[in-house]
Every structure is written in structure tokens, then in C-alpha cells.
Amino acid sequence: MDLHALIRSEAPLAEQQRALTEPVVTALVDHGLHRMLLPERHGGLELGLPEWSREIQNLSCSDASTGWTVMTTTISSSLAWFLPVAAADEIFGDPRALIAGTAAPIGRGEPADGGYRVSGRWGWGSAVQHSQWVIGGSLTPDGPRLAVYPRSDVTIHDTWYVSGLRATGSHEFSVTDAFVPAGRTALPGVTAPGTNGPLPRFPFFCFLAAGVASVSLGVARRAIDEIVALAVEKTPQHASKRLADQTGVQIDVALMEARLSAARAFLADELSAAWELAVAGSEVPDAVKGRLRLACTFASAEATEVTQKAFALGGGTSVFESSALQRCLRDAHVANQHTIVSRRLLETYSMVRFGLGPDTARF
């Protein structure tokens, strides 16, 4: 079966079990999608971020939870660029190994012989239950660091009862007094990368924001496709014409398509501009980072509004579990709640433009 057909057919069951189904996880690994951003030395494709964004959009069009899972696991796998080569070989030597986790420095790490002893509990652990290695950001006496634990050290807590992105399995997880060798810790943007390439030079928060925005854009693409398919079939109650024959619906669909296309183009342009600087070995300046973060926030917000409009046009049909439109609505709103695409970034961007000197550390 075609990958995207498989993803769509398995989506209802994945929703019910709040995790991707094993056939989908196996197919994603078989297609090497978890290794899109890995260095070639670890069997990765070293895909550029503009191409990666398009892939995430396509997967999210088939199912948002699948796109989100691939987005987060590929971002986690980018740690391979930062770790010492020996540690990266240990973690990524198995071509089928998945890595997931949370970068937020919530854990606490105390120095131990050759590494750290870490305890902590993190949220938003998308796909941790499918992974062989797990990332948890921790505060240590020498600063915040990302630490990588074998899955056997990690306890997953069944907390993911949510409205959207249900199949991402983004449960809380914890470790207790887990030993982490120093070589399995790093801090992107601070510690020198173990492997050189453009990805270590790319701003991490821009990277994450582009991923979230790409999921949102894929969901909106699916929502438009669903309402178009419904409109040519449905004649609403007490109406004499199909939805597709109604002038208001025709105008709404055209505007939805235009808004989505504009948002996609803005993100594509700004992501490409920043990526080209990283490929050239240049630092990405705040002005470029600011426009990229603006494009990400705009894309996520526009995608959510377009999805909401598609849901509304579907009328009563949209509310049933059999309709993909209700899942698109829930998924779009949950993705848009992520702090990385918060409307607060609009203020920060304008403050940079006005020369008001905002804190851009999280750009």
C-alpha cells in the first residue's frame, strides 16, 4: 500500500489508541523518514530544511499526528550533529532507531564521575513510546544541556488525553537518578558540533517553529481538499443547490486557497533565505531570524483560520467522527497552541523593526 494511503487508513485507529499504529511506525522507518536530517555518516539524507518542511507538510496533509511525529523525531535526531562522534555512533548506529523527547531544561543534573546523575519529569514527549533513545533537557552546574537516555531508563506517564494531535502520544515522561555519560550531552548553539554542516549553524528555535508551522500548513491543505470534495456532493437541507454551486462557498474556497498559498510561500521564502546563509557558513542575523519567526507564526495562524473556515462550510457533516474536517479542526488548533508560534512573536518582530531592542535570545 502507498505510504500516504496507509497513513490515512490507520488514522482513525491511531486516534482511538492515542498513538500511531505499528504498521505506520514501521512504514515510516522503512521509508527512512526518521533519518531525513541525519548526517550521511549515520545513514541520513542530510535533507535541507526547505525540503524537510515540504515533506512534513505532505505527511501532515495525510494525518497531522503522523506529520507531527516525524517532525519532532527528525528534530530530535538532529542532535547527531552536536554530539561527539562516538556518542552519535552509539545512538544512531542502528538504522531503525528512533529518538524523541523534550528540549526544555526541566531536569536536574548533578556531576558524577564521567557524566551526570539526572532526575526530572518532562511533558510533550511526542513518540517517546516508539523510541529507543529519549532526550530530556536538564540544568547542570555548568549550564543547561540536552541529555540522551536509553529507553530503559525512562518511565512514561499516561497523561495524553487531549482534543487534537491525539495520536502523537505526547505523554509526560521521567527519569530518576539516571546516569548520563558526558558524551551523551550537548547544547545546540553553545557546544561545538561533533559533525560539521549547515544544520548546526541554523537557529534551533527557528528550526522548531518551521516544523510546527509546516504541520499546520499540511492540516489546512487537507481541510481545503476535504471541503472541496464534500461541496461537489452535498446539497444542504432546505437548499436547492450543491455547496459547490453556491456563490458564497465558491468565494470562500478561493480565498482559503489564496490565504494558504500566501502563508506557504512566505514560510518557504524566509526558510530558504535563512537556510542559504547556514549553507554558506554565515551566521543568521536577527533580522533574518525575525522574519522567519514571523512567517512561522503567520503560517500557523492562517492555517488554523483556513481550517476553521473549511469546517464551518461543511455544516453538520463536519461534526461527525467520520469526517476528516473535525479532526483537522482539532489538530490545527492544538498545533497552533504551541508557544513557538505564539502571537507574542509578532510583538518581538515589530520591536526589532522599530529598533526597540527586545530580547531575541529565543529567536
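Taking 25 Å as R0, compute the FRET efficiency from the Cβ-Cβ separation of T26 and S163 and round it to 0.05.
About 0.35, to the nearest 0.05.
Using only Cα atoms, what is the ratio of the radius of gyration of region 125-200 to 2.2 N^0.38 Å?
So the Cα radius of gyration is 1.27 times the expected 2.2 N^0.38 Å.
List the residues, sorted by chain then number, that are 5 or more residues from S342 or on another chain and whose placed amide H is less than 5 Å from its amide H.
none
At 1.002 mPa s and 20 °C, plugging the Kirkwood radius over alpha-carbon pairs of region 202-353 into Stokes-Einstein gives what diffusion coefficient in µm²/s?
Reported coefficient: 130 µm²/s.
Kindly give the semi-axes, whole Å and largest first, of the ellipsoid equivalent to region 3-186, taking each as the square root of 5 times a Cα gyration tensor eigenvalue.
One finds semi-axes of 28, 19, 12 Å for region 3-186.
Can you give me the pair-distance distribution of region 294-363, C-alpha pairs, 5 Å bins, whole percents?
Spelled out per bin, shortest first, that is 3, 17, 21, 16, 13, 10, 8, 6, 4, 2, 0.
Diagonalise the Cα gyration tensor of region 1-80 and give the resulting equivalent ellipsoid semi-axes, square root of 5 times each eigenvalue, largest first, whole Å.
Over the Cα atoms of region 1-80, the ellipsoid semi-axes are 22, 12, 11 Å.
Within straight cross-link reach of K309, meaning Cα distance under 13 Å, which aspartates and glutamates are found once same-chain residues fewer than 8 apart are removed?
Once the sequence-local aspartates and glutamates are set aside, what remains near K309 is D225, E226, D252, E257.
Quick check: the angle from helix 324-336's long axis to the longest principal axis of the chain, C-alpha only, nearest 10 degrees?
Once rounded, one gets 40 degrees.
Taking the Cα-to-Cβ direction at R8 and at R117 and moving 7 Å from each Cα, how far apart do the two end points lie in nm?
5.4 nm
Would you mind computing the Rg to Rh ratio of region 141-244 from its alpha-carbon coordinates, Kirkwood style for Rh?
When Rh is taken as the Kirkwood radius, the ratio is 1.20.
Let me understand region 52-126 better: what is its radius of gyration from the alpha carbons, and its Dmax, in angstrom?
15.1, 48
Can you tell me what the convex hull of the Cα atoms of the chain projects to on average, as an area in nm²?
18.6 nm²
Hey, can you grab everything whose amide H is under 5 Å from the amide H of G101? Only 5+ residues off in sequence or another chain; H modelled, so Pro and N-termini drop out.
S126, I135
Nearest 10 degrees, 0 to 90: what angle lies between the long axis of helix 286-313 and the longest principal axis of the chain (Cα atoms)?
So the helix axis and the longest Cα principal axis differ by about 40 degrees.
Taking the chain as the reference, fit the longest principal axis to its C-alpha atoms, fit the long axis of helix 49-62 to the helix C-alpha atoms, and give the angle between the two in degrees, 0 to 90, nearest 10.
Approximately 50 degrees, to the nearest 10.
Under 16 Å from a label point 7 Å along Cα→Cβ of E110: give me every residue in region 168-184 with its amide N that close.
Correct set: 175-180.
What net charge is computed for the residues neighbouring R330, neighbours being all others with C-beta under 14 Å from the C-beta of R330, Lys and Arg scored +1, Asp and Glu -1?
So the environment of R330 carries a net charge of -1.
Where a number appears in this text, it was derived from the coordinates with a stated rule and is not lab data. Worth saying up front: this structure is predicted, and the values here are computed from it rather than measured. So basically every Cβ, Gly included, is an ideal-geometry build from the backbone, and we count neighbours across all protein chains shown.
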